[in-house]
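Q: Input: one structure, supplied below.
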Amino acid sequence: MPRRSVAAALLVLAALGCAAGWLALQPAYSFVWRALRDADEDLDWGQAPPWPLFNLVNYLATWLPRLQARLLPPHLHVGQLGVADSLAGGHLPLAELARRSGVKSEELGRLLRAASSHGVFKEVGPGVWGNNRGSSVLRRSHPSSCNLMVQVWGDESYSAYEKLADSLQPGSPPAFELRHGAPFFYWLSQAGNEQRLAIFHGALQDAAKTMNAATLQDYPWQRHANQTVSDVGGGHGGFLAALLAAHPGIRGMLVDLPEVVAGAEGHWRRRYPELLGRVQMVQGDFFRTVPPADVFFLRYIIHDWSDAQAARILRTLRAAISAGREQHATLLIQDAVLPSSGPPSPLYAALDLQMLAISGGKERSQREWEQLLAAAGFRLRRVHRLRTLTAVLEAQAA
Ligand SMILES: C[S@@+](CC[C@H](N)C(=O)[O-])C[C@H]1O[C@@H](n2cnc3c(N)ncnc32)[C@H](O)[C@@H]1O
């Protein structure tokens, strides 16, 4: 057969394959879409959806960076103004929306027009606005609300990117530090930034609502019954509370910076008073020292830091494991594991740059994880894949 005919036949086969694949995906795709559309306050986040659904959502997650691009920048500010919350009860005329947000009407209309050109908010009649799928997740009360996360991305992260190119100079601190004059986590703890600190930890709590179920179900926590799990850098402790509630034999320890632990104590008194007797809150610095524990759990911590800083944190943990306890203590790191070759998902490529800009951190491949752990005196034992595009890396003192 002449080469051109073979090429044409292959092309037709490829087109048919794509069409068949697309058709096969349609029912599952519309199922996920309906589930997301119908999500509301009473959605049960205690149960992670089955693996096939998660795999599909993960596939769709490659579209998230496009969504992120849609959410920059007019929508970020609309998020801050609480417009989506004002529209929760139904459509409103622009003048009323502006009155509720306390801003200028004509200018707000232009912001909404720009946002709606990206599919976020809908002008349902001349000068009358309503929420749509894209804007509903900007509501504070939405079960998968990204209102606070959008504010973090639109404020601290967005401003850091101004200095990204400068930060690539050898010896330069991370972009955020160049822009704001202090490392990100210390800046958040400074007097005057209390509101930004509260927004950051609120955003993490919102994100945790959707992540906790998979972290609880896809790692065998029952093997740590009757042990003490230290959530190092655990923020306000939303995950630790979920873990203690699900495993009554486990005791918890929450280690974080002093201002964060102070916030966590108030949060637990209000939200989880029944669990307070099983948790110890520790104000600390994981670059210096942490108390001993049976299990050290670090979620979205190590990716915040460069290799040298990450190794320092891990050495602090290694030092907390006393001689003779090496086989008993477990280190669990929840983070992304990038593919060993080829491009990562666009979501993790974007997060990798986010870490670079904010604190000089990075996402890592399994090989990089192994090297980092070995440099700090640990050995990777197993990688537990989770339904959230991340993994729990299980390690032990070498
Ligand atoms: C990205 S957040 C992750 C929070 C939490 N693990 C989660 O999954 O939601 C990073 C956490 O590390 C904490 N942190 C930053 N520097 C720290 C330090 N030197 N010592 C202890 N905690 C620190 C921050 O306060 C913050 O709570």
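Q: If Arg179 satisfies all but one of (1) in contact with a helix residue (DSSP H, G or I) (Cβ under 7 Å, 6 or more places away or on another chain); (2) under 16 Å from Ala264 (Cα atoms); (3) charged (D, E, K, R), what's the number of the condition it fails?
A: Unmet condition: (2).
Q: Being closer than 21 Å to Ser359 by Cα and not hydrophobic (A, V, I, L, M, F, W, C) is true for just one of Gly134, Gly181. Which residue is that?
A: From the options Gly134, Gly181, the qualifying one is Gly181.
Q: Pairs, please: C-beta under 8 Å, at least 6 apart or cross-chain, first residue closer than 21 Å to Ser159 by Cβ and in region 340-359, second modelled with pLDDT of 95 or more and of a type in the set (S, T, N, Q)?
A: Leu356/Ser167; Ala357/Ser167
Q: Being within 16 Å of the chain's Cα centre (by Cα) and closer than 23 Å to Gly233 by Cα is the filter here, so list the residues in region 323-346 that pass it.
A: Once the filter is applied, which keeps residues that are within 16 Å of the chain's Cα centre (by Cα) and closer than 23 Å to Gly233 by Cα, region 323-346 yields Ile333, Gln334, Asp335, Ala336, Val337, Leu338.
So that you can scan it fast, the table gives a plain yes or no per residue for (1) within 28 Å of Leu81 (Cα to Cα); (2) within 16 Å of the ligand (Cβ to nearest atom); (3) small (Gly, Ala, Ser); (4) touching a Gly at 6+ places or on another chain (Cβ under 9 Å):
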| residue | (1), (2), (3), (4) |
| --- | --- |
| Asp155 | yes, yes, no, no |
| Ala160 | yes, yes, yes, no |
| Leu168 | no, no, no, no |
| Gly171 | no, no, yes, no |
| Gly181 | yes, no, yes, no |
| Tyr186 | yes, yes, no, no |
| Asn193 | yes, yes, no, no |
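Q: Which of the following residues is of a type outside the set (A, V, I, L, M), at pLDDT 95 or above and either surrounded by fewer than 16 Cβ atoms within 10 Å (Cβ to Cβ) or closer than 18 Å to Tyr300 by Cα (or both): Gly202, Gly181?
A: Gly181
Q: Examine region 275-295 for a residue that is more than 13 Å from the ligand (Cβ to nearest atom), closer than 26 Å to Leu389 by Cα and surrounded by 15 or more Cβ atoms within 10 Å (Cβ to Cβ), and state whether such a residue exists.
A: Yes; the residues of region 275-295 include at least one that is more than 13 Å from the ligand (Cβ to nearest atom), closer than 26 Å to Leu389 by Cα and surrounded by 15 or more Cβ atoms within 10 Å (Cβ to Cβ).
Q: What pairs can you find where one residue is in region 187-210 and polar (S, T, N, Q), the other is within 12 Å of the ligand (Cβ to nearest atom) and part of a helix (DSSP H, G or I), and their Cβ atoms are less than 8 Å apart, with a gap of 6+ or different chains?
A: Ser189/Leu197; Ser189/Pro258; Ser189/Glu259; Ser189/Val260; Asn193/Trp187; Gln205/Gly238
Q: So, in region 291-309, exactly how many residues are hydroxyl-bearing (Ser, Thr, Tyr) and touching a strand residue (DSSP E or B) at 6+ places or on another chain (Cβ under 9 Å)?
A: 1
Q: Scanning for something surrounded by fewer than 18 Cβ atoms within 10 Å (Cβ to Cβ) and within 16 Å of the ligand (Cβ to nearest atom), does region 220-230 turn up at least one residue?
A: no
Q: Answer yes or no as to whether Leu356 is modelled with pLDDT of 90 or more, crowded, with 16+ Cβ neighbours inside 10 Å and away from the ligand (no atom under 16 Å from the Cβ).
A: For Leu356, the condition - modelled with pLDDT of 90 or more, crowded, with 16+ Cβ neighbours inside 10 Å and away from the ligand (no atom under 16 Å from the Cβ) - is not met.
Q: Moving on. What pairs come up if the first residue lies in region 250-265 and is in contact (Cβ under 8 Å) with a residue 40 or more places away in the chain, the second is within 9 Å of the ligand (Cβ to nearest atom) and in a helix (DSSP H, G or I), and their beta carbons are under 7 Å apart, counting only those six or more places apart or on different chains?
A: Pairs that qualify, where the first residue is in contact (Cβ under 8 Å) with a residue 40 or more places away in the chain and the partner is within 9 Å of the ligand (Cβ to nearest atom) and in a helix (DSSP H, G or I), are Leu257/Phe185; Leu257/Ser189; Glu259/Ser189; Glu259/Leu197; Val260/His201; Gly263/His201.
Q: Follow-up question, since we're still on this one. I need every pair where a residue in region 283-299 that is not assigned by TED's automatic domain parsing to the domain that holds Gly234 and in a strand (DSSP E or B) has its Cβ under 7 Å from the Cβ of a residue that is within 8 Å of the ligand (Cβ to nearest atom) and at pLDDT 95 or above, sequence separation at least 6 or different chains.
A: Sorted first by the residue in region 283-299, then by its partner, the list stays empty.
Q: Right, next: If you take the residues in region 84-118 that are touching a strand residue (DSSP E or B) at 6+ places or on another chain (Cβ under 8 Å) and of a type in the set (A, V, I, L, M, F, W, C), which one is surrounded by the fewest Cβ atoms within 10 Å (Cβ to Cβ)?
A: The extreme case among them is Leu94.
The values are calculated or read from the model by the stated rules, or taken from the named source; none is laboratory data. Because the structure is a prediction, the values reported are computed rather than measured. Reconstructed Cβ throughout: ideal geometry from the backbone, glycine too, with neighbour counts over all protein chains shown.
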